[in-house]
Structures are given as C-alpha cells and as structure tokens.
Amino acid sequence: MTTASVPAAAGPGDLHGHVAELHVIKARAVAGPSDRATEAQHAKGKLTARERIALLLDEGSFREVEQLRRHRATGFGLEAKKPYTDGVITGWGTVDGRTVFVYAHDFRIFGGALGEAHATKIHKIMDMAISAGAPLVSLNDGAGARIQEGVSALAGYGGIFQRNTRASGVIPQISVMLGPCAGGAAYSPALTDFVFMVRETSQMFITGPDVVRAVTGEEITQNGLGGADVHAETSGVAHFAYDDEETCIAEVRYLLAMLPSNNRESAPEVDCDDAVGRRSDTLLDIVPADGNRPYDMRRVIGELVDDGDFLEIHERWATNIICALSRLDGSVVGIVASQPQSLAGVLDIEASEKAARFVQMCDAFSIPIITLLDVPGFLPGVDQEHGGIIRHGAKLLYAYCNATVPRISVILRKAYGGAYIVMDSQSIGADLTYAWPANEVAVMGAEGAANVIFRKQIAEAEDPEAMRARMVKEYKAELMHPYYAAERGLVDDIIDPAETREVLITSLAMLRTKHADLPSRKHGNPPQ
C-alpha cells in the first residue's frame, strides 16, 4: 500500500480540469489499494466492502460520506501509507426505498483496523443515523484497534460504544459479521439489536485461541472458539448464521423490511391477500389434546400468520422457546411461543434471556406482541438454581411488565405455575388473553398437585395407586377443567382454535390506538 499521489493542480480558470482531477481521485478511492489486495479478499471467500454495500442497498442509492478522509498519524511507517477512506466506507442509501445508514470495514486497507480517522468516520455516520431516525447497519470485517496509533485508536471504540448505547431503542442497529472481530471490538455488536454471522469466515471473541492456549492450555481453533455456529447455538451472541455473504445480506434486507425506521414510527405495512377470516382447521390436528405429547409450534405459527411466512430470531439457541417477527393482515407482530418439541417447552435460563430481549426490542419499536403458551413450568435442577434462574426468569417477567405495546396471549394447552404468570398472563398486564378448549391453567400438573394435597390419604390407602388416580381425577375436575380460568375472569374467552387468526387480527385492530401512561422515572433497574 502506498501513499496516493494527487494529480497536478489544474489551472486557476479551468473548472473542467478541476472536475477531471476530482474524478481521478475518486476513482482511485473507489478502486482501493490494489487488484492484488482485492484478489486476496476474494480468495478467502469474502467480498470487498463496496461489493457488500451494493448487495445491501438498493441499486444506485448509496451516497458516500468522507470518501477522501486520510489519517494524520506518523511513525511506524504510517506517514508513507495514507490511503483514501482510511479503511472504512461510510454513507447512506435505501433498502426497499427506505433510508438506511451503513459503515463497512475495508479489510484490504490496514486489515480494516480502527484508527483515529477511521473511528471518527464511524462516529459521524452513527450520529447522522440517530439524527435522521434511520436504521444503522455495520458490515464488520476488521482486525481490531490499529496498534500503530496506540490509545488514540483504542479510544475510538469508546465513542462507538457510547453511540451504540445512545441509539439503543431509538433506531434499529444491525451488526453483520463478515470477518474477524476480536477483543473490545466485539462489544459493539453485543450492544446492537441483531447480529448476523457467516460460517467459516467470521469469528468473534474477546481473547483469541493463542491467549486461551497460553492461559488455560486449551487447544481450539478460531471457529471453534468464536465461529458462527458457536455463537448461534451455544453462546447466543449471534441471532442468525448463514453459509455465504450473499444469503446473509439478503436476510438483513428482509429483517429491515420488518422493522420501523425509528422508535417514533410504525413498522412498514404491506398489502395482504391472506384473508382475515381464514379458518385453520389444521390446527386441531397439529396440536394433540394430550398435554404430554409434543408437537412443533412452528407449524402453529405458520397456520396463523400471513402466508405462513415468519422470521425466527435466535432459531438455534434456547430452542425451547420461539421468538419470531411476522405479519398479521399486513402488520408486523412479534411472536413469543413455547416450543413443546424442545424440553417440553419449559422455561430455563437461556429461554428467559432470549425471550426477554426480544420482548424489549418489540416494545422499543412499537411492535405488538403475541404470546402462544404451552408451558409446563420452569426447568428444575441444581444447575438452573445455581445459575440464577430466579434472576434470569425475572428478566422475562420484567420485560413483559414493562412493555406498553398491544399484548395478546393465547393458551393452547398447559399454563402451569410461575411460568404461566411470567409468559404474559392477564395478571401482569396482557391486554387480552384467549384459550383453546383443552387448556389447563393451574399451579402445577394434576399429578404433582394430588401428591401434595392428598399425600396423607394416598399413603394410608389400601391401594395407594388407585387412590392417587382417584385424587388426580378429582383435582382435574375441580380445578383444572378448561373453563375454570374463564369462570374467574383469568382469560377473556375460550375460542375455536380454527378461528385464532381472525381473533388475533380483530383484537389487534382494536388495540391499535392503545395508550399507556407510565410513572415518571429516569429508568428502571431490571434484573441482571
């Protein structure tokens, strides 16, 4: 990489010459450092920063900011290497005609490492996104702080983190990981709303494999430590993971179509040909009446939403709960649903954290929340208790209680114990609660309840098993019949499952003008 040379200045009265000079300089900035650097990027299976921006934004819509910015650092040979852009491309364009701001690290220049000028460009585009009230997408492919610039480079991350936090809940922030992201740099994606990763080429970690080996003696690869599948399945850091950049960026566009531009606007609505009153009699066959039989809640969601289309968030992490964005009659909704196919749909630490963050995101951006319950309780176990299931479960409770968007719950089968309360029950502020005819709302399952309440009678009976069966039947008849909750006003209606779609859509239409007054406070203090 060499210092970009500037053509000789044009004559003072020759504006055509100045324009020609400008085009030469800009062409050099767009081309990047060299063809060899571009070939090296492609050889890794990676696109260049400009190729990525072209995939993200509508054709011809990108407007670059500070294209000709160059660093002013000296020492360690930097004074001889002053490429245009300083390794990051910033600007705005449109996605489906809506304004979106973007910055993309150019790995061909200083490995995409962040220096003072580089950071200043990112700070500026973040400030512009916040002021304009438009989403911000970061296309990350950088080697961390530019070591040659010392703490000046490191401080640049602080400015990014501060702006990530200021923008939180104000504009959607999406981080797309397309290369390495190590050390403190990884905290910026963690502060954003959504993280996308590409398998094999993107990694995130605070300390890399070499440091891990030196400190703990453990041998592990970069992908094994912080690859896309690790973060999508194990850590929960990544919401989405894809095999290639093209698919990944196409899905970013799809997600943006589901989100409002900022917290003062509504998510985009689309025309819908799927009838509001479409019956879904298939639901009666998808969901078994026997509460012990599993089924795939995704099939239920597919029957309810427009054209069966929904985008699942964190699909491979905490699979006992589903979080998804979809549409009902053309309007965006957030869906939180138990997944009986995984751990019987119980709530545990990871499921509570996953759903809590999703509920907060929906509430921040005025997206109504539909909750589909089939939850037998919290997962028991020493690991869960010692891991803090109390405080982690409280995160989901806090998120629901704090949410002011329209909230509708549907109890499909089981709704037991504290998990029933936490999953947006009427008692914590759900606007409407519906139930299907086979619902069971109770403190616990009939078998467990009978063993507690009738322990003495069962122990003293000549035939304990027969007595237990009799007591279970009696408990069910008295306290767990499907209409018990409705008789006490804990659910608003028992509905035909086939009519659930129409019930949800008409209820959301009524709640469209919902307004909630909150007590004055600086902010709450949520469970940690």
Qualifying positions in the stretch 292-320 - of a type in the set (S, T, N, Q) and either surrounded by fewer than 13 Cβ atoms within 10 Å (Cβ to Cβ) or more than 28 Å from the chain's Cα centre (by Cα) (or both): ASN292
Could you list all residues from the stretch 70-101 that are of a type in the set (S, T, N, Q) and in contact (Cβ under 8 Å) with a residue 60 or more places away in the chain? THR99
Just to be sure before I move on: is ASP363 of a type in the set (D, E, K, R) and surrounded by 23 or more Cβ atoms within 10 Å (Cβ to Cβ) in the structure I sent? no
When you scan the stretch 191-208, do you find a residue that is touching a Gly at 6+ places or on another chain (Cβ under 9 Å), at pLDDT below 90 and open to solvent by less than 50 Å² (accessible area, probe 1.4 Å), even just one? yes
Condition check: among the polar types (S, T, N, Q), open to solvent by 10 Å² or more (accessible area, probe 1.4 Å) and under 18 Å from the mean Cα position of the chain (by Cα). Does SER342 satisfy that? no
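Hey, among the residues in the stretch 424-440 that are of a type in the set (D, E, K, R) and buried (at least 22 other Cβ atoms within 10 Å of the Cβ), which one's farthest from TYR484 (Cα to Cα)? Walk me through how you get there before you give the answer.
Narrowing the stretch 424-440 to residues of a type in the set (D, E, K, R): 424, 431, 440.
Pick out the ones that are also buried (at least 22 other Cβ atoms within 10 Å of the Cβ) and you get 424, 440.
Working: ASP424: 19, GLU440: 9 Å.
Applying the filter and picking the extreme gives ASP424.
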Extreme residue, nearest to GLU51 (Cα to Cα), among residues of the stretch 71-109 that are among the hydrophobic types (A, V, I, L, M, F, W, C) and open to solvent by 40 Å² or more (accessible area, probe 1.4 Å): PHE107
Looking at (1) aliphatic (A, V, I, L, M); (2) open to solvent by 60 Å² or more (accessible area, probe 1.4 Å); (3) at pLDDT 95 or above; (4) within 19 Å of TRP436 (Cα to Cα), which one does ALA289 not meet, given that it meets all the others? (3)
Working only within the stretch 328-339, note down all residues that are open to solvent by 10 Å² or more (accessible area, probe 1.4 Å) and either over 16 Å from LEU511 (Cβ atoms) or in a loop (DSSP other than H, G, I, E, B) (or both). ASP329
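Could you tell me which residue of the stretch 219-250 is surrounded by the most Cβ atoms within 10 Å (Cβ to Cβ), considering only residues that are among the β-branched types (Val, Ile, Thr) and touching a residue at least 12 places away in the same chain (Cβ under 8 Å)? Steps first, please.
Restricting attention to the stretch 219-250, the residues satisfying the condition of being among the β-branched types (Val, Ile, Thr) are 220-221, 230, 234, 237, 247, 249.
Those left that are additionally touching a residue at least 12 places away in the same chain (Cβ under 8 Å): 221, 234, 237, 249.
Working: THR221: 10, THR234: 12, VAL237: 20, ILE249: 25.
Of everything passing the filter in the stretch 219-250, ILE249 is surrounded by the most Cβ atoms within 10 Å (Cβ to Cβ).
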Looking only at residues in the stretch 27-44 that are in contact (Cβ under 8 Å) with a residue 40 or more places away in the chain and within 16 Å of GLY179 (Cα to Cα), which one is most open to solvent (accessible area, probe 1.4 Å)? LYS44
If THR201 passes every condition in (1) in a helix (DSSP H, G or I); (2) in contact with a Lys or Arg (Cβ under 6 Å, 6 or more places away or on another chain) but one, which one does it miss? (1)
If I filter the stretch 98-109 for residues that are in a loop (DSSP other than H, G, I, E, B) and under 27 Å from the mean Cα position of the chain (by Cα), do I get at least one hit? yes
Can you pull out every residue in the stretch 473-505 that is among the aliphatic types (A, V, I, L, M) and either crowded, with 17+ Cβ neighbours inside 10 Å or over 19 Å from MET423 (Cα atoms) (or both)? ALA477, LEU479, MET480, ALA485, ALA486, LEU490, VAL491, ILE495, ALA498, VAL503, LEU504, ILE505
Restricting the first residue to the stretch 506-528 and requiring it to be open to solvent by 100 Å² or more (accessible area, probe 1.4 Å), which pairs with a second residue that is not in a loop (DSSP other than H, G, I, E, B) meet a Cβ separation below 9 Å and a spacing of at least six or different chains? MET510/LEU432; ARG512/SER331; LEU518/ASN402; GLN528/ARG391; GLN528/LYS395
Within the stretch 130-152, can you find the residues that are hydrophobic (A, V, I, L, M, F, W, C) and touching a residue at least 60 places away in the same chain (Cβ under 8 Å)? ALA134, VAL137, LEU139
Output for the stretch 254-280, where each listed residue is out of contact with any Gly (no Cβ under 7 Å at 6 or more places or on another chain), assigned to a loop (DSSP other than H, G, I, E, B) and surrounded by 17 or more Cβ atoms within 10 Å (Cβ to Cβ): LEU259, PRO260, ALA267, PRO268, SER280
Of (1) more than 14 Å from ARG253 (Cα to Cα); (2) touching a residue at least 24 places away in the same chain (Cβ under 8 Å); (3) in a loop (DSSP other than H, G, I, E, B); (4) out of contact with any Leu (no Cβ under 7 Å at 6 or more places or on another chain), ASP58 fails just (1)
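Residue check: is GLN222 touching a helix residue (DSSP H, G or I) at 6+ places or on another chain (Cβ under 7 Å), under 27 Å from GLU353 (Cβ atoms) and at pLDDT below 95?
Working: touching a helix residue (DSSP H, G or I) at 6+ places or on another chain (Cβ under 7 Å): yes; under 27 Å from GLU353 (Cβ atoms): yes; at pLDDT below 95: yes.
Criteria met by GLN222.
So, of the residues in the stretch 158-175 that are outside any helix (DSSP H, G or I) and on the phi < 0 side of the Ramachandran plot, which turns out to be most open to solvent (accessible area, probe 1.4 Å)? Talk me through it step by step, then tell me what you get.
Step one: list which residues in the stretch 158-175 are outside any helix (DSSP H, G or I), which gives 168-175.
Still in the running and on the phi < 0 side of the Ramachandran plot: 168, 170-175.
Details: SER168: 62, VAL170: 39, ILE171: 1, PRO172: 2, GLN173: 3, ILE174: 3, SER175: 1 Å².
This residue is SER168.
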So, first residue without any contact (Cβ under 8 Å) to a residue 24 or more places away in the chain and farther than 9 Å from ASP86 by Cα in the stretch 102-121, second residue among the basic types (Lys, Arg) and open to solvent by 10 Å² or more (accessible area, probe 1.4 Å), Cβ within less than 7 Å, six or more apart or across chains; the pairs are none
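The values are calculated or read from the model by the stated rules, or taken from the named source; none is laboratory data. Predicted model only: the values in this text are computed from it and were never measured. Cβ: placed from backbone, ideal geometry, glycine included. Neighbour counts: every protein chain shown. Just the protein is used for accessible areas: all its heavy atoms, side chains included, with ligands, DNA and RNA removed. Shrake-Rupley method; radii C 1.70, N 1.55, O 1.52, S 1.80 Å.
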